[in-house]
1. What are the residues in the stretch 7-36 that are touching a Cys at 6+ places or on another chain (Cβ under 9 Å), more than 14 Å from the ligand (Cβ to nearest atom) and under 14 Å from Thr49 (Cβ atoms), if any?
2. Residues to consider are Leu82, Leu96, Leu109; find the one that is touching a Lys or Arg at 6+ places or on another chain (Cβ under 6 Å) and among the aliphatic types (A, V, I, L, M).
3. Being more than 23 Å from Gly133 (Cα to Cα), out of contact with any Gly (no Cβ under 6 Å at 6 or more places or on another chain), open to solvent by 40 Å² or more (accessible area, probe 1.4 Å) and of a type in the set (Phe, Trp, Tyr), is that true of even one residue in the stretch 77-85?
4. May I ask you to verify whether Phe70 is buried (at least 21 other Cβ atoms within 10 Å of the Cβ), in contact (Cβ under 8 Å) with a residue 40 or more places away in the chain and among the aromatic types (Phe, Trp, Tyr)?
5. When the residues of the stretch 151-173 are narrowed to those that are β-branched (Val, Ile, Thr) and surrounded by 24 or more Cβ atoms within 10 Å (Cβ to Cβ), which ends up farthest from Trp83 (Cα to Cα)?
6. If you scan the stretch 1-10, which residues turn out to be crowded, with 22+ Cβ neighbours inside 10 Å and either within 20 Å of Ala209 (Cβ to Cβ) or touching a Leu at 6+ places or on another chain (Cβ under 6 Å) (or both)?
7. Among the residues of the stretch 39-49, are any within 16 Å of the ligand (Cβ to nearest atom), in contact (Cβ under 8 Å) with a residue 24 or more places away in the chain, crowded, with 16+ Cβ neighbours inside 10 Å and farther than 30 Å from Thr6 by Cβ?
8. Only one of these is more than 30 Å from Pro34 (Cα to Cα) and surrounded by fewer than 17 Cβ atoms within 10 Å (Cβ to Cβ): His114, His92. Name it.
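The values are calculated or read from the model by the stated rules, or taken from the named source; none is laboratory data. Predicted model, so just to flag it, every value in this text is computed and none were measured. As a convention, Cβ positions derive from the backbone with ideal geometry for all residues, glycine included, and neighbour counts pool all protein chains shown. Note: areas computed on protein heavy atoms with side chains; ligands, DNA, RNA excluded. Shrake-Rupley method; radii C 1.70, N 1.55, O 1.52, S 1.80 Å.
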Amino acid sequence: MRAPSTTALLVVDVQNDFCSGGALSVPHGERVVPLINAIQAQYDIIVVTQDWHPADHASFASQHPGRTIFDTVDMPYGPQVLWPDHCVMGSHGAALHEDLDVTRAQLVLRKGSHRGVDSYSALLEADRATRTGLDGWLTSRGVTEVHVCGLATDFCVAWTALDARRFGIAAAVIEEACRAIDLEGSLARAWSEMTAAGVRRLASADILAA
Ligand SMILES: [Zn+2]
């Protein structure tokens with residue numbers, strides 16, 4: 001299935017820190033790489049994102065004395081899960097997986113670089129007000145639908161797909177080209193929210209079929 005030029009592939013956060021051996025590894029995260037490389041051939045518009053934090057980012061448990069990893073704290077914009085230090089800008093952990101093919105990506109979007117605000121989504125930061133600008137980039141190119149893959153299904157992939165719907169863009173998640181963290185039921189919760197918002201599930205076999 002050759003995707004029309006109004007459909008963009010969003011490749012979310014396939015970075016060393018989210019793969020095996022990384023600071024915030026998603027189980028079997030690196031296994032998405034060959035499939036993502038294969039499906040890219042079906043798209044004309046490809047966007048790759050990178051989580052890209054300053055070393056003192058507010059989502060890091062290390063910045064909250066007395067708190068531990070995976071605690072939830074109240075931030076001015078709402079609840080925030082605390083993570084191990086990860087994807088520090090310029091570090092090896094923040095680099096894209098070396099086997100990920102980015103040859104045809106037209107945009108590499110970095111997110112999460114404001115110290116006090118997290119950004120799971122590639123479209124809206126966690127304050128739900130600050131835009132990354134990706135909505136304008138997509139719509140100015142005539143994109144009306146996005147297919148989302150990468151890491152992790154239940155956080156950055158889900159928030160990106162849900163925000164696409166908020167901006168009136170059709171969205172689907174290529175399930176086999178994602179892996180999840182699944183923290184206390186977060187994967188099931190993410191899928192129920194995505195289903196309710198009209199995010200579709202896509203099988204990679206349908207995309208790769210001629
Ligand atoms: Zn992050």
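1. Leu9, Leu10, Val11, Val32, Ile36
2. Numbers: Leu96 fails: touching a Lys or Arg at 6+ places or on another chain (Cβ under 6 Å); Leu109 fails: touching a Lys or Arg at 6+ places or on another chain (Cβ under 6 Å).
One residue alone meets the criteria, Leu82.
3. no
4. No: the conditions fail for Phe70.
5. Val173
6. Ala8, Leu9
7. In the first step, residues of the stretch 39-49 are kept if they are within 16 Å of the ligand (Cβ to nearest atom); the result is 48-49.
Right, trim to in contact (Cβ under 8 Å) with a residue 24 or more places away in the chain and you get 48-49.
In the following step, the residues that additionally are crowded, with 16+ Cβ neighbours inside 10 Å were identified as 48-49.
Still in the list and also farther than 30 Å from Thr6 by Cβ: none.
No, because not a single residue in the stretch 39-49 is within 16 Å of the ligand (Cβ to nearest atom), in contact (Cβ under 8 Å) with a residue 24 or more places away in the chain, crowded, with 16+ Cβ neighbours inside 10 Å and farther than 30 Å from Thr6 by Cβ.
8. On the way: His92 fails: more than 30 Å from Pro34 (Cα to Cα).
Exactly one residue qualifies, and that residue is His114.
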